[in-house]
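The values are calculated or read from the model by the stated rules, or taken from the named source; none is laboratory data. What you are looking at is a predicted structure, and each value in this text was computed from that prediction instead of being measured. Here Cβ is always computed from backbone atoms with ideal geometry, including for glycine, and neighbour counts include all displayed protein chains. Please note that ligands, DNA and RNA were not included when accessible areas were found on the heavy atoms of the full protein model with its side chains. Shrake-Rupley method; radii C 1.70, N 1.55, O 1.52, S 1.80 Å.
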Amino acid sequence: MISIYLKGDSWAHRTPAGIKLLSVALASLLLFQVASLWIFLPCLLAVVALYASLGREGLAQLKLLRGLTLFLAILLGLHWLSGTLMEGVAVVLRLVIMFLAANFVSVTTRLDDMLEAVRPLFLPLEWIGLSSRKPALGVALALRFAPHMMQVFSMLREAWQARTGSKTSWRLLAPFAVQSLRMSDNVAEALKARGGSEGLSGRAGNARSGSGFWR
């Protein structure tokens, strides 16, 4: 139904999900401490090289940036009006790097592996009798489907441009909201069919991960 995970056996697919998530988190913290273009540009090239290591399908993932162009353009324009253009360029580069890095983790990590990697953060909830899997599943789904929603918005923009000649419009918000609600219903139905968050555990989740949705 929804295919985000890129099937493969590359080094990125073999790297444990916890290591990838931790690497992205640490890299994001470091990027917020710098504002030099001479650091951001090599980092951007490094992230693009990660996608290139996955082959043609990996490079095709860079098209997701189309969904961010309007937002990034507005952000850059605001900095230009305020007289801080170079600072705006640094902010845009930081966001692009972080977005691409997070998406790289999504396309090379199965949902059940991501769930198990995030779950330790919520284990203290079990001390008071609450489930650690439910919030972990929520985080894993957010990490998984955020890039997909950007892809949906990009497709809506392309359809709008083909029909009207205009690149974007506020009118896209309505169909985007409809698509978002439709996807949430599909996710809820799929979760219910698989027994909820407890139905995605361990080997059972791996056995079911052959479907396009959970990938």
(message) What distance in nm separates the two pseudo spin-label positions at Leu45 and Ala174, each 7 Å out from Cα along the beta-carbon direction?
(response) 4.7 nm
(request) With a 1.4 Å probe and all protein chains in place, put Trp80, Trp160 in order of accessible area, largest first. (result) Trp80, Trp160
(request) Determine the share of the range 1-128's accessible area contributed by carbon and sulfur atoms, expressed in whole percent, with a 1.4 angstrom probe. (result) 72 percent
(message) Could you report the accessible area of Tyr5 in Å², rounded to 10, computed with a 1.4 Å probe on the protein chains as they sit in the structure?
(response) 20 Å²
(request) With label points built 7 Å along Cα→Cβ from the Cα atoms of Leu123 and Thr69, find their separation and express it in nm. (result) 4.6 nm
(message) Applying a 10 Å radius around every beta-carbon, put 92-104, 31-43 in order of their mean neighbour count, most first.
(response) 92-104, 31-43
(message) Could you compute the net charge surrounding Ala12? Neighbours are other residues with a C-beta less than 14 Å from the C-beta of Ala12; K and R count +1, D and E count -1.
(response) +1
(request) Sum up the charges of everything whose Cβ sits under 15 Å from the Cβ of Ala60, counting Lys and Arg as +1 and Asp and Glu as -1, but leave Ala60 out. (result) +2
(request) Just check the range 1-151 against the gyration tensor rule for me: Cα atoms, a ≥ b ≥ c as the square roots of the eigenvalues, rounded for a/c under 1.5, and otherwise prolate or oblate depending on whether a/b exceeds b/c. (result) prolate
(request) Take the Cβ-Cβ distance between Met155 and Glu189 as r, set R0 to 25 Å, and report the resulting FRET efficiency rounded to the nearest 0.05. (result) 0.65
